[in-house]
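A short worksheet on the structure shown next.
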Amino acid sequence: MALTREQVIDTAFSILRDYGIADLSMRRLARDLDVQPGALYWHVRNKQDLLGVLAVMILAPVKPQHVVGAGTAGVIESLRLASRQVRDALLAVRDGAEVVALTQTLAPQSLPALQRFTATLAGAGLSGSSAAWTGRALVHYILGTVTQEQTQSGLAQAGLLAGSSRPVDDAEAFNFGLELLLAGAAELLEKETTQQRDVG
């Protein structure tokens, strides 16, 4: 039976989920599929292309959030829900944050789940640069904190963390930092929309 792109992607996702990004080499993937490494390049251009496809799969559970309620509070609540959804999706796959962060750097347009942060803020009335930078801050915060969680988890499993170096509750710590960012976003949104009303 001829090798298919679906087989390549599914096997790569299984390796990532079970062993992590360090074990996801093209050589390992070819071995698991029982093909020569060159056969993979009929279906994916290179490893970065493969990781980009996997990043999209990782974020597939994240659904668009509609603004909940009216005004700034509704916008902030939708950002809060989206942030938690993205975190959950990243944590569901071993090294998920690292894979998505790489794709976010190389091809951010391929990850609509992350681009929606900026789009939500722009739709609520933030100016172009304010919306873009606030959205980027949220994305960087989520990717950074989950990368830290997953790195610590891997080190702990390998017995490389001395004592109890992990936070008592990663979710609680994440939500604390998220609320700081959202408070700033709310203040900025109120300021800019008020200025727009005054000018109008």
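Pick out the one residue from Asp32, Asp10 that is modelled with pLDDT of 95 or more, within 22 Å of the chain's Cα centre (by Cα) and not basic (Lys, Arg).
Details: Asp32 fails: within 22 Å of the chain's Cα centre (by Cα).
Answer to the check: Asp10.
Given (1) under 26 Å from Arg136 (Cβ atoms); (2) surrounded by fewer than 18 Cβ atoms within 10 Å (Cβ to Cβ), identify the lone condition not met by Leu50.
The number of the failed condition is (2).
Is it the case that segment 133-152 has a residue that's exposed (fewer than 15 other Cβ atoms within 10 Å of the Cβ), in a helix (DSSP H, G or I) and either touching a Pro at 6+ places or on another chain (Cβ under 7 Å) or modelled with pLDDT under 95 (or both)?
Looking through segment 133-152, at least one residue is exposed (fewer than 15 other Cβ atoms within 10 Å of the Cβ), in a helix (DSSP H, G or I) and either touching a Pro at 6+ places or on another chain (Cβ under 7 Å) or modelled with pLDDT under 95 (or both).
List the residue pairs whose Cβ atoms are under 9 Å apart, where the first residue sits in segment 116-140 and is under 23 Å from Val199 (Cβ atoms), the second is surrounded by 14 or more Cβ atoms within 10 Å (Cβ to Cβ) and of a type in the set (Asp, Glu), and the two are 6 or more positions apart or on different chains.
Final answer for the pair search is Gly125/Glu192; Leu126/Glu192; Ser127/Glu192; Ser130/Glu192.
If Ala60 satisfies all but one of (1) small (Gly, Ala, Ser); (2) surrounded by 12 or more Cβ atoms within 10 Å (Cβ to Cβ); (3) in contact (Cβ under 8 Å) with a residue 12 or more places away in the chain, what's the number of the condition it fails?
(2)
The values are calculated or read from the model by the stated rules, or taken from the named source; none is laboratory data. It should be emphasised that the depicted structure is a prediction, and the values quoted were computed from it without experimental measurement. So basically every Cβ, Gly included, is an ideal-geometry build from the backbone, and we count neighbours across all protein chains shown.
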